[in-house]
1. For Thr279, are the conditions met, namely being modelled with pLDDT of 80 or more and more than 20 Å from the chain's Cα centre (by Cα)?
2. Enumerate the pairs (first residue in region 410-431 and closer than 18 Å to Phe333 by Cα; second residue anywhere and part of a loop (DSSP other than H, G, I, E, B) and modelled with pLDDT of 85 or more) with beta-carbon separation below 6 Å, excluding pairs fewer than 6 apart on the same chain, so at least 6 apart or on different chains.
3. Can you name every residue in region 296-316 that is surrounded by 16 or more Cβ atoms within 10 Å (Cβ to Cβ) and farther than 22 Å from Ser485 by Cβ?
4. Give me a count of the residues in region 440-475 that are small (Gly, Ala, Ser) and out of contact with any strand residue (DSSP E or B) (no Cβ under 6 Å at 6 or more places or on another chain).
5. Given the criteria modelled with pLDDT of 75 or more, among the basic types (Lys, Arg), under 30 Å from Lys270 (Cβ atoms) and open to solvent by less than 90 Å² (accessible area, probe 1.4 Å), does Lys113 qualify?
6. Are there any pairs with C-beta distances below 6 angstrom linking a residue in region 225-250 that is within 24 Å of Glu390 (Cβ to Cβ) to a residue that is at pLDDT 75 or above and outside any loop (DSSP other than H, G, I, E, B), with the two at least 6 apart or on different chains, and if so which?
7. Please verify whether Val273 is open to solvent by 50 Å² or more (accessible area, probe 1.4 Å), touching a residue at least 24 places away in the same chain (Cβ under 8 Å) and of a type in the set (A, V, I, L, M), treating the condition exactly as stated.
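The values are calculated or read from the model by the stated rules, or taken from the named source; none is laboratory data. It should be emphasised that the depicted structure is a prediction, and the values quoted were computed from it without experimental measurement. With ideal geometry, Cβ positions are generated from the backbone for all residues, glycine too; neighbour counts draw on all protein chains shown. Just the protein is used for accessible areas: all its heavy atoms, side chains included, with ligands, DNA and RNA removed. Shrake-Rupley method; radii C 1.70, N 1.55, O 1.52, S 1.80 Å.
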Amino acid sequence: ESGHGPYQPHEPGYGLDQPAYSPYEDEIPDPQTRMLAIKNAKAYLLKTSTKSGLNLYDHFANILTKILDEQPTNTVDIIENISKDVKWAQFRKKMDTLRDEPPILPTFEAAEKCKALFIKEGGEENEDLDEEMGQPSLPNVMETAFYFEQAGIGLNKDESYYIFLALKNLINVQPIQTCRFWGKILGLEMNYIIAEVQLKEGEEEEAGEEGEETAAEGEKEAGEAEEDEQKQKEPEPPKSTYKPPPEVPKEANGTGTNKYVYFVCNEPGKPWVKLPPVTPAQIVCARQIKKFFTGQLDAPVVSFPPFPGNEANYLRAQIARISAGTHVSPTGFYQFPEDEEEEEGADTYEENPEFEPPPVAEMVESLATWAHHVKGILKQGRCVWINPSEKSEDNEEDDEEEEADDEEEPQEERGPPLLTLISEDEGMKDIPAWTAQTSTNLIPEYSVAILQSNRWPGAYAFASGRKFENIYFGWGHKYSLESHSPALPPPAEAEFPIGPGITETVDPTVEEEMAFKAAQEEALAEAEEGEDDEAGED
């Protein structure tokens, strides 16, 4: 017979597991038998499991230790949960000999990115906060955010303060004369935080001259190399007589669409990147396409018509368009210098010391109390029109002989002058170009005038006394009543006209070739006979 439990019938202690018999009763006269039974019972409890590698004896000991240490209430009701907790504590995951990297929480990553904003440079003196905020080149972003917050516009306070510190770091690195938080353009992957700055005198001109010199040298070297290659080759291929239209030159740095320099970054704490100057061709093409930004400056812009540049150039073109259409100020805050007359091409203005701000109610009721202080962009892509066909005297003398027919000169474009009232802006059918409102109707004496652009959703301006500011938060797209439809490609070129002179003939058959050859031989024989007859007569 097979015994029950770990004991065999011939072993002492067999039958101790029967319910009618207990080894701990006083009826057992032999203490050795009882000790042997206890050892056998302990040996059974110490048996190791083939699945988990644990034994029941240690598990019970750990459970009792946990219970005595924690002393929970109603232990008998939660004994199963305690047993599970003890097993989970002893669980060891099978890991490789190489230690895994600890997981990095998103909050820790965000803190590490913003950590550099709160560290002062070694050479920077410890100045008071009032002195730091008193710097003319550093804008008070928190004050601007406070005014826009009255109308529910802007970013949260933490992000605004991070941008404040990021602009401070930008001023410490770059030779900046004035700086302003332009706004934030949203992207599909990352966003763009934009700073509008004016560099100190001489800094921007030197950079522009160096770029122009290097470009001119590169063009000269490329032209000389092409001439040498053409001289080496004797047979010259036919040259095309097509002349592309003259390229419209970009406006000089510090004027027109390139009046300001723009730095962008994806998040506060990341390095600032300077955007290149904008060209008229980029602005003209940007008006014909509509692309979402990705957040990567080197991303290509795939569109039709093809955009001349990457996303950094497209971002710069959109910034120029938004600034020209939405940057406004209270009427009379700026004035033209006394020594300069108000001209259409004037691009300079100064602050009016005698300006008296109108009440908020008047600025909301009448749009004539607001004026543009950034020149509009013409269809040519410039703020000041230029005739691209005009050339220097030397070039004109060289080209007079080549040009037989004079082309029609383009008509000069004229846009609205600087400091034009926004009440003259055209609307979009039933939608006005601007919407003005107060920040609150409950306390009108402490309200702020808020101006919203309907042509560029996301562009706002506020005015409170002599303080005003412009800002933009959006996708960088202009509002259109109809859905955007890309321009169609030009029609395909027509094939060359088919005629008998260029039509390929059918190859003759063998019989036709033999007949043609025989006819030629007969004609040749007849000709020879005729010559012989003439010779005989002579």
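1. Judged against the criteria, Thr279 is not a match.
2. What qualifies is Leu418/Lys375.
3. Hits for region 296-316 are Leu297, Ala299, Gly309, Glu311, Ala312, Asn313, Leu315, Arg316.
4. 3
5. The answer is yes for Lys113.
6. Close Cβ pairs (under 6 Å, with a partner that is at pLDDT 75 or above and outside any loop (DSSP other than H, G, I, E, B)) amount to Val248/Pro280.
7. Considered against the rule, which asks whether it is open to solvent by 50 Å² or more (accessible area, probe 1.4 Å), touching a residue at least 24 places away in the same chain (Cβ under 8 Å) and of a type in the set (A, V, I, L, M), Val273 comes out as yes.
To keep it simple, each residue is scored yes or no on (1) of a type outside the set (Ser, Thr, Tyr); (2) outside any loop (DSSP other than H, G, I, E, B); (3) over 38 Å from the mean Cα position of the chain (by Cα); (4) modelled with pLDDT of 55 or more.
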site: Lys379; (1), (2), (3), (4): yes, no, no, yes
site: Arg382; (1), (2), (3), (4): yes, no, no, yes
site: Ser389; (1), (2), (3), (4): no, no, no, yes
site: Glu396; (1), (2), (3), (4): yes, yes, yes, no
site: Arg414; (1), (2), (3), (4): yes, no, no, yes
site: Leu418; (1), (2), (3), (4): yes, no, no, yes
site: Ser423; (1), (2), (3), (4): no, yes, no, yes
